[in-house]
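In what follows, a single structure is set out as structure tokens and then discussed.
The values are calculated or read from the model by the stated rules, or taken from the named source; none is laboratory data. As the structure is a computational prediction, the values presented were derived from the model and not from experiment. As a convention, Cβ positions derive from the backbone with ideal geometry for all residues, glycine included, and neighbour counts pool all protein chains shown.
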Amino acid sequence: MEKKIRVVLSKVGLDGHDRGVKVIARAMRDAGFEVIYTGLRQTPEMVVEAAIQEDADAIGISSLAGAHMTIFPRVLKLLKEKSAEQILVFGGGIIPKDEEQSLYKQGVGKIFGPGTTTDETVTYLKQAISLKAKT
Amino acid sequence: MKESEEAKKAKEKWEKKVQGEKIRNAKFMTISSEPIPMLATPADLEEFDYMRDLNLPGEYPFTRGVHSTMYRGKLWTMRQFSGMGTPKQTNERYHFLLDRGQTGLSVAFDLPTLMGYDSDHLLSEGEVGICGVAVDSLKDMEILFTGIDCGKISTSMTINGPADMIFGMYIAQAEKQGVKPEQLTGTLQVDILKEYIAQKEWIFPPEPSMRMITDLMSFCSQHVPKWNSISISGYHIREAGSTAVQELAFTLADGFAYVEAGIKAGLDVDVFAPRLSYFFNSHLDFFEEIAKFRAARRIWARNMKEKYGAKKKESWLLRFHIQTAGCSLTAQQPENNIIRTAYEALAAVLGGTQSLHTNSMDETWGLPTERAVQIALRTQQIIAYESGVPNTIDPLAGSYFVEYLTNKMEEGAEKYFKEIEKRGGVLKCIENGFFQKEIADAAARFQREIDTKERIIVGVNDYLVPGEELEIPILKIPPEVEQEQRVCVQNVRKERDNDKVKRALGALKNAAKGSDNVMSKILDCARCYTTEGEMAETLKEVFGTYTEEPVF
């Protein structure tokens with residue numbers, strides 16, 4: 001039997017707007033993933049710790065309050081320091097296109113902007129994780 | 001034969017005919033996924049009684065409006081929610097908006113301020129001034145209101161967890177202007193119940209938070225009698241994904257919970273109830289929203305009179321502010337948002353609002369630019385002066401469809417009230433995640449409808465422009481803001497009388513431990529430039545903090 005995809009979803013920073021991350025959490029759970037939603041006001045340290053403890057395949061971060069250029073790089077740096085770079089990092093929210101490209105260059109897998117369907121996020125994770133498994 | 005019986009017979013004939021006609025392939029439902037009848041007739045209002053269900057404006061149950069002259073007597077307050085960067089930058093925006101014709105102020109604070117952290121706190125990094133104005137102490141409040149006469153204009157402040165502290169700073173700042181607390185008009189949001197349910201900006205757990213609210217209601221009734229001590233809010237519940245009926249029901253349930261808390265604390269309902277105010281969302285489904293506003297007034301009036309025994313007319317009045325729905329706006333083709341906001345604003349006016357904020361088209365991307373917020377304000381002014389809508393009161397009354405829908409909204413809300421009671425009341429429902437689950441279910445259903453194209457959002461899942469580029473300017477908060485604010489708050493801590501601050505914080509802590517009114521002690525702290533973070537930390541030592549069990 002195929003191993004269930006395990007994903008940690010999180011809100012990092014002070015922002016409490018969690019409608020989007022909860023909709024994604026439910027859609028991924030309905031798609032058969034093991035979803036761990038950390039809740040609000042996590043630090044990058046807390047998210048990475050949770051992902052390692054939960055043996056997660058991926059970390060998804062919701063960023064709506066403009067702090068993405070601080071948060072994502074910090075998460076990637078921590079994963080590197082803890083030799084957990086196999087954990088995929090993706091995110092969603094309001095991120096301008098030029099900054100999105102910069103985040104990809106730094107190692108973020110995918111940023112999902114407004115208008116993304118829940119299917120797109122599920123399909124992406126399935127493909128990206130099976131690709132990682134093959135390499 | 002009664003008119004409704006004739007209509008019923010005629011409708012049955014018409015339905016048979018219609019069955020053979022071509023119907024568009026669409027789901028005819030509201031934005032809350034409620035099915036809508038193709039046609040309403042007198043048969044849908046068989047039990048309708050004008051005097052019982054509507055009466056005149058300014059008369060119980062106030063379905064047609066809270067004031068007897070409504071907009072002929074006074075237009076709604078045009079009150080744009082606003083805050084950005086430093087207090088100085090925000091003060092400039094306030095002068096811009098007042099200059100462009102806005103008639104009330106509304107303060108938007110940044111996330112650190114909303115959560116009770118000073119600008120130099122570790123957790124404030126990267127967040128200072130980004131989503132609203134940074135306010136750490138009385139010094140910032142003085143800058144924020146420079147050149148604005150707080151005795152002449154009303155101010156609404158969207159702040160919840162640390163509401164008392166910000167209110168203390170506002171009162172202290174007004175005192176320095178020569179304006180006494182009893183002259184102040186405005187609103188403090190402070191509705192903590194909806195924070196646990198939807199907006200998630202709490203500091204302390206529910207019980208001490210409720211105590212702070214009853215202290216505040218008592219303080220206001222004695223010292224700031226023209227102030228709305230709470231803005232019981234549905235806006236955020238709706239933004240989190242609820243349906244219109246859920247917004248109506250959960251908000252009113254919260255309202256009744258505050259009434260019960262006030263009565264339990266020994267306050268006379270007719271003393272504090274007249275200063276309870278509300279805040280609703282105006283979403284895109286035009287008639288559903290209008291029906292919701294009318295039903296809200298009727299439900300509140302009936303319950304306040306019959307259930308809570310309030311005797312004063314002012315206690316039965318549901319007065320509210322409305323903000324057009326942020327969650328209805330799209331990042332794609334942002335100019336379309338001007339149109340969305342216009343319809344939502346019109347619904348708010350037809351629903352009889354006392355105060356209105358219209359969103360700017362660029363708010364899916366950032367805080368509004370001057371140009372965008374001007375269009376938003378003009379939207380209100382065009383409704384006020386050019387559309388003719390304010391010329392007559394509650395013009396949709398008597399519409400078969402609108403009265404049918406108003407009744408339906410009321411029934412839906414009453415059903416929820418019974419369910420909430422069955423589950424042990426509002427606080428128990430928050431604890432058990434009932435509201436949060438209902439909202440998450442509704443949000444998930446809405447997204448599914450969009451994903452499957454059962455619901456069309458123009459520019460998002462249909463009528464797309466391939467390769468669309470963002471062509472409107474987006475406001476960016478300069479990175480220097482954070483450093484400026486850090487330096488400012490550190491200077492305040494150096495230059496003030498720190499012995500006074502220490503004593504004031506000590507008195508606050510004692511009041512919190514006991515039963516003395518916390519608000520008056522907070523005001524003392526604010527007057528001597530105690531920072532928001534310092535007051536919050538002191539209260540955390542007594543009240544503790546709160547973490548939610550996330551429900552999705």
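Structure values in brief
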| quantity | calculated |
| --- | --- |
| Candidates B:Met115, B:Met84, filtered to the one that is buried (at least 20 other Cβ atoms within 10 Å of the Cβ), aliphatic (A, V, I, L, M) and at the interface with chain A (Cβ under 10 Å from one of its Cβ atoms) | B:Met115 |
| Of all residues making up the range B:386-406, the number that are under 23 Å from the mean Cα position of the chain (by Cα) and in a helix (DSSP H, G or I) | 3 |
| Breaking point among (1) free of Cβ contacts under 8 Å to residues at least 24 places away in the same chain; (2) facing chain A (nearest Cβ under 10 Å); (3) not hydroxyl-bearing (Ser, Thr, Tyr), for B:Asp462 | (2) |
| Sole exception among (1) within 12 Å of chain B (Cβ to nearest Cβ); (2) touching a residue at least 40 places away in the same chain (Cβ under 8 Å); (3) aliphatic (A, V, I, L, M) for A:Ala56, by number | (1) |
| Whichever residue in the range A:91-110 is touching a residue at least 24 places away in the same chain (Cβ under 8 Å) and out of contact with any Ser or Thr (no Cβ under 8 Å at 6 or more places or on another chain) and, among such residues, is nearest to the other protein chains (Cβ to nearest Cβ) | A:Glu99 |
| When residues of the range A:60-86 are limited to those that are over 23 Å from B:Pro112 (Cα atoms) and buried (at least 22 other Cβ atoms within 10 Å of the Cβ), the one nearest to the other protein chains (Cβ to nearest Cβ) | A:Gly60 |
| Test for A:Val21: is it within 18 Å of B:Ala440 (Cα to Cα), in a helix (DSSP H, G or I), modelled with pLDDT of 95 or more and among the β-branched types (Val, Ile, Thr) | yes |
| Residues being away from every other protein chain (no Cβ under 13 Å) and crowded, with 24+ Cβ neighbours inside 10 Å - total across the range B:119-134 | 1 |
| Among (1) away from chain A (no Cβ under 14 Å); (2) not in a helix (DSSP H, G or I) - the single one B:Ser315 does not satisfy | (2) |
| Only one of A:Gly32, A:Gly39 that is at positive phi, within 11 Å of chain B (Cβ to nearest Cβ) and part of a loop (DSSP other than H, G, I, E, B) | A:Gly39 |
| Residue check for B:Val245: more than 25 Å from B:Ser156 (Cα to Cα) and among the β-branched types (Val, Ile, Thr) | yes |
| Residue match in the range B:266-283 (condition: in a helix (DSSP H, G or I) and crowded, with 23+ Cβ neighbours inside 10 Å) | yes |
| Output for the range B:325-379, where each listed residue is outside any helix (DSSP H, G or I) and small (Gly, Ala, Ser) | B:Ala325, B:Ala331, B:Gly351, B:Gly352, B:Ser355, B:Ser360, B:Gly366 |
